Amino acid sequence: MRPILLQGHERSITQIKYNREGDLLFSVAKDTVTNVWYSVNGERLGTYNGHTGAVWCVDCDWDTKNVLTGSADNSCRLWDCQTGKQLALLETNSAVRTCGFDYSGNIIMFSTDKQMGYQCFLNFFDLRDPQQIEDNQPYQSIPCNDHKITSAAWGPLGEFVIAGHENGEFNQFSAKDGEILKKVKEHTKQINDLQTSLDLTMFISASKDNTAKLFDSATMDHIKTFRTERPVNSAAISPIMDHVVMGGGQEAMEVTTTSTRIGKFEARFFHACYEEEFGRVKGHFGPINCVAFHPDGKSYASGGEDGYTRIHCFDPQYFDFELEA
Amino acid sequence: MPSMEYDDSKPSWADQVEEEVDEGTLPPPKEIIKGNIKTITEYKIDDDGKKFKIVRTFKIETRKASKAVARRKNWKKFGNSEFDAKGPNVATTTVSDDVFMVFISSKEDLNAQDQEEDPMNKLKGQKIVSCRICKGDHWTTRCPYKDTLGPMQKELAEQLGLSTADKDKPAGSGEPEPAQPAQSKTGKYVPPSLRDGSTRRGESMQPNRRGGSDDNATIRVTNLSEDTRETDLQELFRPFGSISRIYLAKDKNTGQSKGFAFISFHRREDAARAIAGVSGFGYDHLILNVEWAKPSNN
């Protein structure tokens, strides 16, 4: 396969996300712009300009009307997807680490960092009520005093948000009343990424403790574990195959002291059932910070510490391949 | 995928005539669509005044998509891409080199990789890569001195340890101490096969190799550093027994060591122990090689 190389950022990629149909790919990085690309040919549709700090997270609603970004400039912004105009600016006390639309696109959540003396909060806004945006007053704000949220995603039916914490713990926060519905601790270190399957019934977590784990979204039951020997920065579930892809590598601070050969910067493919690695794809010059499957499962994209986003369309061999169990 | 080629073939005489008439003007870019192949031909003049013809070939693909997707495909570009032309901009979008998914088909491959990595990790932590016999950078079993000197090393090291411990250091010798013999006391495991039985065999074999020439108790030390002096050698070999003569080969002009020396002991056993004890030891960053001096050819 010949990957399409997207060079829209000057600094390392922090998150990439496809929209629901997968025709658009959003990428955010530690520079201030948010890029949106046509995934089919890598053409850049546009940029959302306005943030003044590193952008940590991006999300797009189900009908690709609005885009939500959270940044270290202490703001969360809502954009019009088509024109790139800023629709709303929600100011916070600390950096916004994670953000997301629920499936309806009506409710947004975002979490803020614990820094500069401020607590970590998980905030919920209802976009149908303009007053909430105007007053910058979330209808619900859940404080997380112990360990800050490092990754989060909406569960099925917009009922709860699954949050991964700094200490490797997961919480299910109800979107209705902020109650903690479930609490599990399966990881020993920080959870770097949390992505749901296409139907939202499962989610995969990527942790600094060198593993990625598959969970049931509703019951929070631990299903599978995928082990590597380096911190995992991101993991995604294939929508059509029993596969997961993981990206990681050594920590960014150690990269300069080693060669790419031993850095283990490949994207690694594991069989979801057998928990066994079956393939690797090279390409990045640094650790992979984010991976995402196209919703049709025929391609995937990865964003790296090297600032590049690469879109890979799978070769026919990938679909023919069967793991010898 | 845009493929680019530069066509700098000689223009025909007709073109040349035309060129002379209106120098500097270029033919307008052409765009030809033939089936699903689009060819764009552009002309350019570079800094040296040379004319270039750039031919780009595109493959046009028609993909069916849902209405929403199709509508989005026609959205106007915005932000930093506002003024980009239709199609991918080469400044932001490039096609990378071909990469392949490396399939790990069988478990053996995985295991092989694990094994490749694991010993290296162990080595880092435990430093077992240093040879017990000569402290070289290889496994003990592969040591070239394994059969000759290794077995004696341990017992001699103990003796050496004692002798260096109660040795009164000669005053005024600022030279580095031969601290290496003490290192072999670290109690590394020596398999039984290399302890006593083979010691005797080694002893019995050495005279045989010498061919029973004479009772010469002279050993040859090689791979000495240039800074070595006789006093150092004396210090190094005295623990093994009384020395009758030390000859250090030196350069006539500079007076520096040539890297080898002959040590004559009074007793042959002392010499044998010295060989066993010192051969393979690191001395001043170099691994010493000690063996019986060959009889001078006369």
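The values are calculated or read from the model by the stated rules, or taken from the named source; none is laboratory data. Computed from a prediction, not measured in an experiment: that's the story for all the values here. Reconstructed Cβ throughout: ideal geometry from the backbone, glycine too, with neighbour counts over all protein chains shown. With ligands, DNA and RNA removed, areas are computed over all heavy atoms of the protein, side chains included. Shrake-Rupley method; radii C 1.70, N 1.55, O 1.52, S 1.80 Å.
Under 5 Å from the amide H of A:S234 lie the amide H atoms of A:G247, each residue being 5 or more positions distant or on a separate chain, with H modelled from the backbone and absent for Pro and chain starts.
Phi angles of the range A:277-287 translate, via the Karplus equation with coefficients 6.51, -1.76, 1.60 and θ = phi - 60°, into HN-Hα couplings of 6, 10, x, 9, 10, 8, x, 6, 9, x, x Hz per residue; Gly and Pro are given as x. Taking springs between alpha-carbon atoms closer than 10 angstrom, which of A:T225, A:T83, A:T69 fluctuates most in the Gaussian network model of chain A? In this elastic network of chain A, the residue with the biggest mean-square fluctuation among A:T225, A:T83, A:T69 is A:T83.
Indicate the residues belonging to the range A:44-60 that lose 30 Å² or more of solvent-accessible heavy-atom surface (probe 1.4 Å) upon moving from the chain alone to the assembly of all protein chains, ignoring ligands and nucleic acids. When all protein chains are present, A:R44, A:L45, A:T47 each give up 30 Å² or more of accessible surface. Cross-linked pairs A:K176/B:K64; A:K17/B:K38; A:K17/B:K44; B:K50/B:K73; B:K250/B:K294: Cα-Cα separations exceed 30 Å for A:K176/B:K64; A:K17/B:K38; A:K17/B:K44; B:K50/B:K73. Note on exposure: B:L26, A:L323 ranked by accessible area (1.4 Å probe, complete protein assembly) read B:L26, A:L323, with the most exposed listed first. Once backbone amide H atoms are built at 1.01 Å from N, A:T14 has A:V28, A:A29, A:K30 as its partners under 5 Å, excluding neighbours fewer than 5 places away on the same chain. Ligands, DNA and RNA are left out, and with a 1.4 angstrom probe the accessible area of the range A:186-255 is 38 Å² per residue.
For the range A:232-247, 3J(HN,Hα) computed residue by residue from phi via the Karplus equation (6.51, -1.76, 1.60; θ = phi - 60°) reads 9, 8, 7, 8, 9, 9, 5, x, 10, 10, 7, 10, 10, 10, 10, x Hz, glycine and proline entered as x. Interface size, chains A and B: roughly 3700 Å² of accessible area buried, both sides included, 1.4 Å probe, rounded to the nearest 100.
Averaged over the residues of B:259-265, the number of partner chain Cβ atoms lying within 10 Å of the residue Cβ comes to 0.
Taking a 23 Å limit on the Cα-Cα distance, which of the listed pairs A:K65/A:K208; B:K34/B:K77; A:K148/A:K224; A:K30/A:K148 fall beyond it? Exceeds cut-off: A:K65/A:K208; B:K34/B:K77; A:K148/A:K224.
Springs join every pair of Cα atoms under 10 Å in this Gaussian network model of chain A, and among A:L214, A:L87, A:L78 the largest mean-square fluctuation is at A:L87. Couplings 3J(HN,Hα) of the range B:235-244, computed from phi: 4, 6, 9, 4, x, 7, x, 6, 9, 8 Hz, in residue order, whole Hz [Karplus 6.51 cos²θ - 1.76 cosθ + 1.60, θ = phi - 60°; x for Gly and Pro].
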